[in-house]
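K.L.:
Here it is, the structure, as structure tokens.
What follows draws every value from the coordinates through simple rules; no lab data is involved. These numbers were taken from a predicted model, which means no experiment stands behind them. Because the Cβ atoms are built from the backbone with ideal geometry, glycine has one as well, and the counts that use them run over all protein chains shown.
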């Protein structure tokens, strides 16, 4: 099942408002009839009770009209002409409007689904919307990827609601199933990020993606244990990030070199100060040393391979190189007026 981003007011909210309006109209009608109850005649000729007023209001507004209670005085008939008849029309509009609201919402959802299926391409699929999945989405948005090009695959209902509330398209189901990945249009995706809670599930997802795409879609997976990283790569993952090893490395650095932790957190936290970024080498930068540029370049990406500045090949920038640099990620203050 495909869940689209949450809208400001859902169909349940609209139905609740219409139900409240209908009930309010019924209670006002009961009050009007009860105040002028002496102007009505009951077939039992024992006068109108409060229950009789409720009964008359309901059968009149719903246009049932059994006729066992009728207005006989001039005042009661005037109230029926001036108030009861317009109230009956308004009540019918509320009922019909509720039905139209449901049908319109179903039609709108169907149109959105058809339009989405026609336009989805070169997107990124996030398998799992836990802590790692949400962080991956934040990084993608930070680097300029539009929300419409991110699709979340998740089984948890709470995680699905979080994804749609964040403005993302979410598909309910297991990423280990081919049908679910096909629903996410995995064959036309740009990349698949595997952020599941267990390594065995990550291996199954990687195998399924590789089988469906014949290795044409880039797969990035997270592994809890370092010993499972080779297995994920054999399953089709192009890059594997070992979360436990990375966390352990940072814990060790926090003891031997505490300031390095602050630097790493600064690089990984958006809007803090520094951030890692990548851009294409400009024409006037070709042939120059990366160390001579204004921006702090820490590595080059040449024909898909990382070249460090310590390598002899990284001494000069070549045409087609991508520059990995540190940029200033602090919020820009508004200029003084």
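K.L.:
Could you tell me how many degrees, from 0 to 90 and to the nearest 10, lie between the Cα long axis of helix 50-61 and the main elongation axis, the longest principal axis, of the Cα atoms of the chain?
P.N.:
Approximately 70 degrees, to the nearest ten.
K.L.:
Here's another thing I want to ask about it. For the range 124-246, what relative contact order do you get, as a whole percent, if you take Cα pairs closer than 8 Å and at least 6 residues apart?
P.N.:
22 percent
K.L.:
For a quick check, take a GNM of the chain with Cα springs below 10 Å and name the residue from 223, 136, 76 with the largest mean-square fluctuation.
P.N.:
76
K.L.:
Which whole-number percentage describes the relative contact order of the range 8-119, with Cα contacts under 8 Å and a sequence gap of 6 or more?
P.N.:
Computed value for the range 8-119: 31 percent relative contact order.
K.L.:
Still on this structure, I have one more. Using a Gaussian network for the chain with springs between C-alpha atoms less than 10 Å apart, which of these wobbles most: 277, 57, 313?
P.N.:
Fluctuation is largest for 313.
K.L.:
Give me the distance in nm between label points sitting 7 Å out from Cα along the Cα-to-Cβ direction at residue 257 and residue 114, one decimal.
P.N.:
So the two model labels end up 6.0 nm from each other.
K.L.:
Separate question: For the chain, what does -39500 (n - 2.57) per DSSP helix run (n ≥ 4), summed and divided by total residues, give at 222 nm, in deg cm²/dmol to the nearest 500?
P.N.:
-14500 deg cm²/dmol
K.L.:
With the convex hull built on the Cα atoms of the chain, state its orientation-averaged projected area in nm². Provide the component values of the computation, followed by the final result.
P.N.:
On the way: hull surface 119.9 nm².
Projected over every direction and averaged, the Cα hull of the chain covers 30.0 nm².
K.L.:
Sticking with this structure for a sec: If you line up the long axis of helix 131-142 against the longest principal axis of the chain, both from Cα atoms, how many degrees apart are they, to the nearest 10?
P.N.:
So the inclination is approximately 80 degrees.
K.L.:
Same structure again: Where does helix 243-256 land angle-wise versus the long Cα axis of the chain, in degrees 0 to 90, nearest 10?
P.N.:
With both axes taken from Cα atoms, the answer is about 60 degrees.
K.L.:
Another one. Have a look at the DSSP beta bridges in the chain and tell me what percent are antiparallel, nearest 5.
P.N.:
So the antiparallel bridges amount to about 50 percent of the total.
K.L.:
Figure the gain on full extension for residue 22 and residue 93 (residue separation times 0.36 nm, minus the Cα-Cα span) and round it to one decimal in nm.
P.N.:
The residue 22-residue 93 span can extend by a further 24.6 nm.
K.L.:
Here is a follow-up. Taking 0.36 nm per residue of separation and subtracting the Cα-Cα distance, what length does fully extending residue 81 through residue 243 add?
P.N.:
My answer for the length gained is 50.9 nm.
K.L.:
Please compute the contact order of the chain in relative form: average sequence separation of alpha-carbon pairs under 8 Å and at least six residues apart, divided by the residue count, as a percent. Walk me through the numbers on the way to the answer.
P.N.:
Working: 496 pairs, mean separation 38.3, N = 337.
Worked out over the chain, it gives 11 percent.
K.L.:
Distance in nm between label sites at residue 295 and residue 265, each 7 Å beyond Cα in the beta-carbon direction?
P.N.:
Distance between label points: 2.7 nm.
K.L.:
Then there is this: Please state, rounded to one decimal and in Å, the Kirkwood hydrodynamic radius that the range 272-328 gives when every pair of distinct Cα atoms enters the mean of 1/r.
P.N.:
Computed over Cα pairs of the range 272-328, the Kirkwood hydrodynamic radius comes out at 11.3 Å.
K.L.:
Top mean-square fluctuation among 256, 244, 174, Gaussian network model of the chain, C-alpha springs under 10 Å?
P.N.:
256
K.L.:
Right, next: Evaluate the range 124-246: find the radius of gyration of its Cα atoms, find its Kirkwood radius, and give the ratio Rg to Rh.
P.N.:
On the way: Rg = 13.1 Å, Rh = 14.0 Å.
Result: Rg/Rh = 0.93.
K.L.:
To the nearest µm²/s, what D does Stokes-Einstein give for the range 221-290 at 4 °C and 1.567 mPa s, using the Kirkwood radius over alpha carbon pairs as Rh?
P.N.:
Numbers: Rh = 15.1 Å.
Taking Rh from Cα pairs, D becomes 86 µm²/s.
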